[in-house]
Amino acid sequence: MKTCPINGTALTEDNAICCTSLRPAFFEFIRKRHPALARDAWISQQALLDLRGDYVEASLQEEMGEITALERTVIESLRQNELLAQKPDEPDGGRTLGERLSDRLAAFGGSWRFIIWFGGFIGLWILVNAISGLHAPDPYPFILLNLVLSCLAALQAPVIMMSQNRQEDRDRRRAVQDYQVNLKAELEIRQLHEKLDHILHHHSARLLEIQQIQTDLLRQILHQPGAGAQTNK
């Protein structure tokens with residue numbers, strides 16, 4: 001049984017890839033690390049994935065300079081042949097009771113329902129205390145109402161800020177994930193274009209070779225004895 005010259009694993013029909021199908025630039029990169037590798041050698045798919053990750057990392061370093069942890073995550077996903085895209089978080093998944101409560105309070109405090117209910121409460125408070133006159137629990141200028149409004153504003157502001165901070169964290173994680181997915185897609189498309197160009201070039205060279213063989217055969221047929229006489233007849 002043959003073994004991979006890169007990592008020494010056993011080669012089968014399912015995981016063996018011939019180096020002749022690799023792009024010239026990619027194969028030259030492999031030859032720099034493994035000079036003894038022949039052009040018609042067979043390597044395993046896992047070795048090809050690892051080498052492709054190294055090739056992408058070297059290309060990114062040449063284009064972008066220093067590679068951050070985000071780019072290394074993308075390169076590692078190329079090596080492991082894994083997906084980077086993830087499902088969005090569930091509405092109540094992974095949140096504590098305080099976080100769920102702050103989100104609901106912020107959603108309620110920023111709605112027209114809260115404005116209408118609270119406006120009705122303030123109007124009813126003022127009406128009741130104005131009708132009661134001197135015996136009102138909170139006569140004009142409604143000092144108790146001002147205290148209630150001040151306490152409500154002091155408590156509502158931190159709750160809304162907590163919810164906004166969590167939303168910013170979610171947006172930041174989504175932006176990072178979008179960047180990683182877009183970078184991986186760009187790298188995959190670039191490699192796909194290079195592979196298609198290699199296939200088209202190899203196919204064109206093969207067609208020219210076949211055409212040359214057909215031309216040589218036609219010339220041999222024409223130069224055979226009696227071929228000219230049969231043609232004249």
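The values are calculated or read from the model by the stated rules, or taken from the named source; none is laboratory data. Remember, it's a predicted structure, so these values are computed and weren't measured experimentally. With ideal geometry, Cβ positions are generated from the backbone for all residues, glycine too; neighbour counts draw on all protein chains shown. Ligands, DNA and RNA are excluded from the accessible area calculation, which covers all protein heavy atoms including side chains. Shrake-Rupley method; radii C 1.70, N 1.55, O 1.52, S 1.80 Å.
Which of the residues that make up the stretch 14-40 are assigned to a loop (DSSP other than H, G, I, E, B), within 21 Å of Leu196 (Cα to Cα) and open to solvent by less than 30 Å² (accessible area, probe 1.4 Å)?
Selection gives Leu22, Arg23.
If you take the residues of the stretch 77-91 that are under 13 Å from the mean Cα position of the chain (by Cα) and within 20 Å of Arg174 (Cβ to Cβ), which of them is modelled with the lowest pLDDT? For the stretch 77-91, the residue satisfying everything is Lys87.
To keep it simple, each residue is scored yes or no on (1) more than 30 Å from Arg100 (Cβ to Cβ); (2) at pLDDT 85 or above; (3) surrounded by fewer than 10 Cβ atoms within 10 Å (Cβ to Cβ).
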position: Met161; (1), (2), (3): no, yes, no
position: Gln167; (1), (2), (3): no, no, no
position: Arg170; (1), (2), (3): no, no, no
position: His202; (1), (2), (3): yes, no, no
position: Leu208; (1), (2), (3): yes, no, no
position: Ile213; (1), (2), (3): yes, no, no
position: Leu218; (1), (2), (3): yes, no, no
position: Leu222; (1), (2), (3): yes, no, no
position: Ala229; (1), (2), (3): yes, no, yes
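A single member of Ala185, Ala175 is open to solvent by less than 70 Å² (accessible area, probe 1.4 Å), more than 30 Å from Gln45 (Cα to Cα) and in a helix (DSSP H, G or I), and it is Ala175.
Among the residues making up the stretch 131-147, those that are open to solvent by 60 Å² or more (accessible area, probe 1.4 Å) and in a helix (DSSP H, G or I) are Ile131, Leu134, His135, Ile143, Leu144, Asn146, Leu147.
Out of Asp50, Asp103, Asp40, which single residue is within 28 Å of Asn165 (Cα to Cα) and of a type in the set (Asp, Glu)?
Working: Asp50 fails: within 28 Å of Asn165 (Cα to Cα); Asp40 fails: within 28 Å of Asn165 (Cα to Cα).
Result of the check over Asp50, Asp103, Asp40: Asp103.
Beta carbons closer than 6 Å, at least 6 apart along the sequence or on distinct chains, never pair a first residue in the stretch 75-87 that is over 13 Å from Leu187 (Cβ atoms) and touching a residue at least 60 places away in the same chain (Cβ under 8 Å) with a second that is part of a helix (DSSP H, G or I) and aromatic (Phe, Trp, Tyr).
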